[in-house]
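Heads up, the thing below is written out as structure tokens.
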Amino acid sequence: MTDSIQRTTLSALVLGLALTGCGSEPGAIVDCTPADGITPVCGFENPEDLAILPGGTWVLVSQFPGVQGGGIGSLVAYRPADGRRLSLFPDDDPDASVDLDSEAPAPAGSRTQAQAQAQGWGSADCPGPPDPARFGPHGLDLDAGAHRLAVVNHGDREAVELFEVGHSRRGPAIVWRGCVPIPEDAWGNDVSLLPDGSFFLTRMLGATGLSRTWSVVRMLTGGNTGYVLAWTPEAGFRRIPGSDTAAPNGIVASADGRDLYVAEWSGSRLVRLRLDAAGDVADRDSVELPHHPDNITRTRDGELLVTGQIGPIGALLACGSTEEGTCALPFSVLRVAPGTLDVRVVLEHDPAVAHGAGTVALAFGDEIFIGTFDGDRIGRAAFDH
């Protein structure tokens, strides 16, 4: 099947199941005015995932091309202090020189992929830089200390793109360093970096054709659709036995890579996987959540912020093609203690009147910034540490 046929088939299946079994398609929030404790910052394009850039004054935004695919996304930097925004990839100033704070090798274009792999930047089978005109960023993770950024890309290929983070005369900047092609029939969602350059990836769904369609059917009926993949430069990808979950979405790993926290999106659970020395699941527990958990971030005290959408799965899947404003899906932000899995509600936005379809909450000073997979805004709300 061609990409366009796959998208059409998936769209028809999702919308049909949503409208026949789970109510009507959600509406849109068009007004960009504060309400219910949330101040929207408009002018973004599906800001699905967020991270704080080194220095702590800029926020990195993954502008997702949409759940139906086919669009063009980007990575942008947003400075909350004055609202300034910079396009990082594709770069709107490609001739600007970039300074890197780490002891970096020469720019990616001057090295072979084997050299890049040897220096910890991806795999030797990476075919080269992503096509900026077809870039499709999704989940991301930033190791600020190592100035290393990993981004799931659905655009011209299914891959984890690796960038080095630095700065130019304009402000923050990134340099593409390498990539890791995602295994066939795996549609990745989110990535969690480890200090040594290895990472974990959630395989949420099948990637193509009947595999993707079957994944959506299982998602709607509560079955497992995916699992966690581990990648190291030495061994490549490995499926972690015992990590199968119902639409695994966001993921956060402990610094030693022994504890994984996985957002089980269609199962409405946060799953904790404890790995043994061989990297296999030694223990597994979970906590039920009052929403469908999406991305996970950490607060400065090490707790987890888990953001997710509220409502039946079918209605949530029908949200994804808002032409103006933001899909009016209710959502909530939860605070979870990683040791006990105790859950506290940070924010519940139901009904959605200022921001909708929340995917991520990022603690930034005394606020949280909230992203979305279908809309034109980031929400800002007070946050009590």
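Every number in this text was worked out from the coordinates using simple rules, so none of it is lab data. Everything quoted here is computed from the prediction, not taken from an experiment. Note that each Cβ is placed from the backbone with ideal geometry, even for glycine, and that neighbours are counted across all protein chains shown.
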Quiz item: Which order results if Asp82, Asp131, Asp256 are arranged by neighbouring Cβ count within 10 Å, fewest first?
Solution: Asp82, Asp256, Asp131
Quiz item: Which one of Ala77, Ala263, Ala124 has the biggest mean-square fluctuation once the chain is modelled by GNM with Cα springs under 10 Å?
Solution: Ala124
Quiz prompt | Rel. contact order, % - alpha carbon contacts under 8 angstrom, at least six apart, the chain | solution = 18 percent
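Counting other C-beta atoms within 10 Å, and keeping those with at most 14, which DSSP coil GluC sites (Glu not before Pro) do you find in region 299-385? The partial results should precede the final answer.
Values: sites: Glu303, Glu323, Glu324, Glu348, Glu367; in loops: Glu303, Glu323, Glu324.
The qualifying sites are Glu323, Glu324.
Taking square-rooted eigenvalues a ≥ b ≥ c of the alpha carbon gyration tensor, is region 152-207 rounded, prolate or oblate, where a/c under 1.5 means rounded and, failing that, a/b exceeding b/c means prolate? List each step's numbers first, then the result.
On the way: a/c = 2.73, a/b = 1.88, b/c = 1.45.
It is prolate, given that a/c is not under 1.5 and a/b is the larger ratio.
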Practice problem: Return the loop-located trypsin sites (Lys or Arg not before Pro) in region 344-385 (DSSP other than H, G, I, E, B) with at most 15 other Cβ atoms within 10 Å of their own Cβ; answer none if there are none. | Solution: none
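As a test of the formula, what do you get for the chain when each DSSP H run with n ≥ 4 contributes -39,500 (n - 2.57) and the sum is divided by the residue count, at 222 nm and rounded to the nearest 500 deg cm²/dmol?
Working: 4 runs with 43 residues, N = 385.
That calculation yields -3500 deg cm²/dmol at 222 nm.
Within a Cβ distance under 13 Å of Pro130, other residues only, what is the Lys/Arg minus Asp/Glu net charge?
Working: positive: Arg134, Arg157, Arg177; negative: Asp91, Asp131, Asp156, Glu158, Glu161.
Overall, the nearby charge balance is -2.
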Quiz item: Considering every pair of different Cα atoms, what Kirkwood radius, in Å, is found for region 177-256?
Solution: 13.1 Å
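Over all pairs of distinct alpha carbons, what does the Kirkwood formula give as the hydrodynamic radius of the chain, in Å? Before the final figure, lay out the partial values.
Working: mean 1/r = 0.0484 Å⁻¹.
Value: 20.7 Å, from the Cα pair sum.
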Self-check item: Estimated inter-spin distance, Glu234 and Ala337, nm [label 7 Å along Cα→Cβ]
Solution: 3.7 nm
Exercise. Evaluate the distance, in nm, between pseudo-label points positioned 7 Å from the Cα of Asp366 and of Asp196 along their respective Cα→Cβ axes.
Key: 4.2 nm
Quiz prompt | GluC sites (Glu not before Pro) within region 145-226: DSSP coil, no more than 16 neighbouring Cβ in 10 Å | solution = Glu184
Exercise. Using a/c under 1.5 as the rounded threshold, could you call region 325-368 rounded, prolate or oblate? The axes a ≥ b ≥ c are square roots of the C-alpha gyration tensor eigenvalues, and prolate needs a/b larger than b/c, oblate otherwise.
Key: prolate
